[in-house]
Amino acid sequence: SQDPELGAMRSARAGQTTGSSLLSHQSQSDEESQHSSISIDDDFEWPNMELDADTFGLSVVSLVRDFYFLSRGKGTFVNRWSRLLMSIFLLATCLTIQIYLLSQVKRFVSAKAVHDVRLDYDKFEQVMYGGHTEVISDHPFVERRGLGGINGGYFNASNFAQLSSDEQANACRIPLSQPLFFWTVLFIWTLTCTAELRKARDLVWSLLLNTEATHSMRHALKDEDDIPGGPAVIVALTMPVKTAIATMVIVPRLGITFYLIWIGCRWLLATNNFADLILNSVALEFILCLKDIMYLALVPRRSMLDLQNTTVVPLKKREPESLKVFIGTLLWAGVAAGWVTLYMGLRISEDYHINGLQKVLVDYRWDVHEFACNGSLTAMRYESSMSSVQA
């Protein structure tokens, strides 16, 4: 006969073993299912997009949230309008400073640099072609170019010695005398501005095109996680609010960025010093980043929190896996590279070159670096000029 207590203990142990086995099998099945779901990523669902933490993003959030709460009768009327007007005033101040700085850069900085580099190149052309030149401009001063270019019979590389040390150094430091280096600098600067253009494009698609139109701002926001008081997503906008976002945020952002690309390329091409070429690029980015500086320095923390808790619908809610998705963004780099090449121009061979869109050195002959200057000569002349300055 079997002890009843012993039989009960064996049955309990058997039950525990069976239960553990079932749990282990279920856990293994869940892991395999999870692994399978992770591996299959043909259709990716994008989360809602965060707005940029700058004066542009603040203005969008203030327009949407304050009008949303005003339409629902929530909050104090004075407080809502005060914050809305403060955000618009901050945006207007930022845009005014940016436009003012850009105008003064063109007037005092870029104009002086363009004037100097034109004089340097004009002197180089007169000497290297032995006076056999043609006048291409007589305002505000006479600018000449060598007849026939480097293969026209008048170019004489030995005439380079007739230039003074300063004139040689100035000619060899013309940015187009080192086209590959200058192309790289312009490409990086253009990519910096391209990032701003891409952000503006995302706002157009998300807020103006993908967001539904509504007759009242009461329907503008929706709780992102279905928890009242938590993060909210912008799901609908009235036409007046869309118009305000387009005219106060998107259009000025695009205009300033396009102008920065042009004035930046012009100033950098006229920068007759390779060290200043990098420094001027950083100085131009300062104007671009003014919106971030003013946001971090002047915006209340409560408004910063509202911006963090407000998102917009993505460009595409679902996106399949494809080669276009993975490498499509590289097209922005292609656009930037194309603009830089189109602006600078291109020297294809000794006999043929394409003049770019740049108007700093009109009809540039690509005759400085290849036949008169090289890296060691540039460094030698630069060191010589610096020694004379220190003495």
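The values are calculated or read from the model by the stated rules, or taken from the named source; none is laboratory data. No experiment lies behind these values; they were computed from the predicted model shown. Glycine also receives a Cβ, built like all others from the backbone with ideal geometry; neighbour counts cover every protein chain displayed. With ligands, DNA and RNA removed, areas are computed over all heavy atoms of the protein, side chains included. Shrake-Rupley method; radii C 1.70, N 1.55, O 1.52, S 1.80 Å.
Here are the numbers for this structure:
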item	result
Flagged links, alpha-carbon separation over 30 Å, of Lys106/Lys199; Lys106/Lys242; Lys291/Lys324; Lys74/Lys199; Lys222/Lys324	Lys106/Lys242; Lys291/Lys324; Lys74/Lys199; Lys222/Lys324
Low-density loop cleavage sites - trypsin sites (Lys or Arg not before Pro) in region 72-126, where at most 16 other Cβ are within 10 Å (DSSP)	Arg72, Lys74
Net charge over other residues, Cβ less than 10 angstrom from the Cβ of Phe141 (K, R count +1; D, E count -1)	-2
Residue-by-residue Karplus 3J(HN,Hα) for region 155-160, coefficients 6.51, -1.76, 1.60, Hz, glycine and proline x	6, 10, 5, 5, 5, 4
Accessible surface of Leu331 - all protein chains present, 1.4 Å probe, nearest 10 Å²	120 Å²
Net charge of neighbours whose Cβ lies under 9 Å from the Cβ of Asp66, counting Lys and Arg as +1 and Asp and Glu as -1	+3
For Glu50, solvent-accessible area (1.4 Å; no DNA, RNA or ligand), Å²	140 Å²
Karplus-derived HN-Hα couplings along region 336-347 (A = 6.51, B = -1.76, C = 1.60, θ = phi - 60°), whole Hz, x at Gly and Pro	5, 5, x, 5, 4, 5, 5, 6, 6, x, 8, 9
Accessible-area order (highest first, 1.4 angstrom probe) of the listed residues Thr192, Thr96	Thr96, Thr192
FRET efficiency, 1/(1 + (r/R0)^6) with R0 51 Å, evaluated for Lys74 and Ala333 via beta carbons	0.65
Heavy atoms of Ser71 accessible to a 1.4 Å probe, total area in Å² rounded to 10	40 Å²
FRET efficiency, 1/(1 + (r/R0)^6) with R0 25 Å, evaluated for Ala246 and Val282 via beta carbons	0.20
Accessible area (Å², per residue) of region 146-225, counting only protein heavy atoms and a probe of 1.4 Å	47 Å²
Charge context of Arg266, other residues only, Cβ under 14 angstrom, K/R +1, D/E -1	+4
Cross-link reach list, lysines versus Lys112, counting only Cα pairs under 22 Å and skipping chain neighbours closer than eight places	Lys123, Lys359
Region 120-133 - phi-based ³J(HN,Hα) in whole Hz, Karplus 6.51/-1.76/1.60, Gly and Pro as x	4, 6, 4, 5, 4, 5, 4, 6, 5, 9, x, x, 7, 10
